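Coordinate-derived values only; no laboratory data. This one's a predicted model, so the numbers in the text were calculated from it and none came from an experiment. Please note: Cβ atoms are built from the backbone with ideal geometry, for glycine as well, and neighbour counts cover all protein chains shown.
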Amino acid sequence: MQELRGTAGPRTVAVVGAGPSGLAVARELERAGHRVTVLEEQDTVAGKCQSVRVDGRAFDLGGHICSNRYERIAGLLTELGVETERTSRYRVLDAAGRALRQPMAFLHDGSLQRYRALRAREFPRIAEPGLAHSARALAAPVGRWMAEHGLHSMAESFGTGFTAAGYGHLDDDIPALYFVKYAEMTGLLDPGPQLLGHPGDFTVVGGFATLWERVAAELKDVRCGVRVTAVRRRADGVRVHTDSGPVEADDVVLAVAPDRFLPALDATDEERDLAARIRSNAYHTTLAAASGLPEDGFYFLAAHTTSRATAGHCVSYHHRYPGSEVRTFYSYGRPDDVTALLRKDVTALGGHLEEVHVRREWAFMPHFGSADLADGALDRLDALQGRDRTWFVGGLPAFELVECTVAHAQDLARRHFPPAPGTLTRRAHGPALNEEERQT
Ligand SMILES: Cc1cc2nc3c(=O)[nH]c(=O)nc-3n(C[C@H](O)[C@H](O)[C@H](O)COP(=O)(O)OP(=O)(O)OC[C@H]3O[C@@H](n4cnc5c(N)ncnc54)[C@H](O)[C@@H]3O)c2cc1C
């Protein structure tokens with residue numbers, strides 16, 4: 001079926017999911033003159049980048065921190081005129097709530113130079129969108145990989161932030177691929193130019209969902225509160241069944257985690273096999289008022305980020321607004337335990353947990369284990385792109401960070417959906433127009 005691509009006029013595309021990757025792909029496709037329908041089961045867009053308002057202030061429940069590696073996001077923010085601000089400073093606290101120094105030895109003890117040489121030799125494309133290009137080289141469990149290359153201080157310098165951000169504890173034996181991608185995306189390994197005038201990390205004024213609401217507002221057909229219940233693929237098109245009736249399209253983009261979507265898909269054996277290998281982390285956000293805790297910062301809790309033995313306890317919290325007691329707390333684990341353990345953790349830090357405003361559980365970071373990466377699971381996922389008129393975007397092929405999912409989704413649309421005849425595309429970021437595109 002792929003021989004149809006790029007031959008004739010506009011294509012019709014159904015995008016399942018209105019998180020960052022679904023909206024980014026839809027924006028690219030519409031700009032290239034294709035007809036897109038975005039289907040989202042929640043009442044609002046933004047996926048794991050939701051923001052809520054409490055006492056007149058916007059709090060981000062999920063994705064919102066951007067580093068100077070976030071060029072595609074900066075591009076979108078600029079195009080849409082969305083205002084940004086610096087994020088809170090980072091701090092590490094010990095079990096009793098005292099501030100600890102985070103020395104970042106990795107950047108100063110000679111390891112960084114060795115890392116750069118290793119990167120140039122074995123995984124030179126790690127900073128590019130996608131993960132498949134570096135997966136085999138970095139398939140080993142992270143502990144073993146760091147030991148093999150004498151990069152122990154990388155764990156000390158980046159492990160706390162990695163675990164606090166939901167990617168698991170380093171002793172979970174997560175493949176090195178995900179840890180290295182995370183470290184790259186912090187922007188600390190190769191300091192680059194400032195983005196949008198910010199010397200460090202930045203976010204969106206008024207909540208990160210504002211960006212995705214603006215992207216959605218420019219799209220022609222975004223349907224929220226519509227759950228996709230089945231996808232049926234035929235030789236001549238795709239029928240997407242929803243709880244509000246069917247949508248016909250030439251192609252379908254799945255901007256949802258494939259394992260969770262599997263029951264709705266008329267899946268092939270290959271799709272089923274890959275989906276069965278996907279793992280994710282149960283990661284929670286609790287938005288709650290708490291008094292007596294350190295303020296004005298993003299706090300990583302050292303006692304709960306070093307070993308999976310403490311999973312379930314709070315790993316980090318963010319106090320964003322001076323004058324407000326409301327904080328966003330993050331933890332792994334079973335939903336029944338989260339608030340009770342959080343209450344204990346806040347008490348141990350010298351504080352008091354008060355009203356809980358919102359709780360969310362996320363299936364965070366869809367990923368493969370070491371053996372599957374070594375066996376080429378991400379190459380197999382890449383090989384499925386476009387087969388049976390189906391495309392996959394999101395954290396699994398790209399890594400669970402907004403910049404990664406957006407860059408991967410944009411590139412996929414640009415590579416595989418050439419502009420419809422007569423369409424003038426303006427492309428500020430990403431790969432240059434190819435020859436075929438230039439001639440259009
Ligand atoms: C607590 C937390 C903190 C984070 N912090 C950061 C951060 O600081 N910086 C950063 O870069 N990233 C961060 N992230 C990661 C970032 O939010 C995700 O990588 C990003 O949202 C992934 O986008 P996506 O579109 O691929 O998936 P999602 O955002 O998960 O969107 C998928 C969408 O599909 C919809 N959907 C699912 N099934 C169906 C169906 N059957 N029918 C219709 N719709 C469906 C869902 O409702 C959802 O809206 C964080 C995430 C979390 C949870």
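Sorting the segments 401-414, 40-53 by their mean number of nearby beta carbons within 10 angstrom, highest to lowest, gives 401-414, 40-53.
Rounded to the nearest 10 degrees, the inclination of helix 335-348 to the longest alpha-carbon principal axis of the chain is 30 degrees.
Counting charges near Ala127 (Lys, Arg +1; Asp, Glu -1) among other residues having Cβ under 13 Å from its Cβ returns a value of +1. Between helix 176-185 and the chain there is an angle of about 90 degrees, using the helix long axis and the longest principal axis of the Cα atoms.
This model, with +1 at the C-beta of Lys and Arg and -1 at the C-beta of Asp and Glu, gives the range 107-185 a dipole about its Cα centre of some 360 debye.
Charged side chains reduced to their Cβ positions (Lys and Arg at +1, Asp and Glu at -1) give the range 295-367 a dipole of some 240 debye around its Cα centre. What the phi angles of the range 192-209 give under the Karplus curve with 6.51, -1.76 and 1.60, with θ = phi - 60°, is a coupling list of x, x, 5, 10, 6, x, 9, x, x, 5, 9, 8, 9, 5, x, x, 5, 4 Hz, glycine and proline written as x.
Sorted on the mean count of surrounding Cβ atoms within 10 Å across their residues, most packed first, peptides 31-39, 335-343 read 31-39, 335-343. Computed about its Cα centre, the charge dipole of the chain is approximately 360 debye, with only Lys, Arg, Asp and Glu carrying charge at their Cβ.
When the helices of the chain are scored as -39500 (n - 2.57) per DSSP H run of n ≥ 4 and the total is divided over every residue, the value at 222 nm lands at -9000 deg cm²/dmol. Using the Karplus relation 6.51 cos²θ - 1.76 cosθ + 1.60 with θ = phi - 60°, the per-residue 3J(HN,Hα) values for the range 352-368 come to 9, 7, 10, 5, 8, 8, 8, 10, 9, 10, 10, 8, 8, 6, x, 7, 10 Hz, with x marking Gly and Pro. Dipole of the chain (Lys/Arg Cβ +1, Asp/Glu Cβ -1, origin at the Cα centre): which of Val52, Ala282, Ala117 lies farthest to the positive side? Checked the options; the winner is Ala117. Nearest 5 percent is fine: what portion of the DSSP beta bridges confined to the chain is antiparallel? Here the antiparallel bridges make up roughly 70 percent for the chain. Taken one residue at a time, the phi angles of the range 389-397 give Karplus couplings (6.51, -1.76, 1.60, θ = phi - 60°) of 6, 10, 10, 10, 10, x, x, 5, x Hz. Gly and Pro are set to x. The ranking of Glu79, Glu85 by Cβ neighbour count inside 10 Å, starting from the fewest, reads Glu85, Glu79.
Taking the number of Cβ atoms within 10 Å of each Cβ as an exposure proxy, the fewest-first ranking of Ser111, Ser21 is Ser111, Ser21. Angle check, please: helix 111-122 long axis (alpha carbons) against the longest principal axis of the chain (alpha carbons), in degrees 0 to 90, nearest 10. The answer is roughly 20 degrees.
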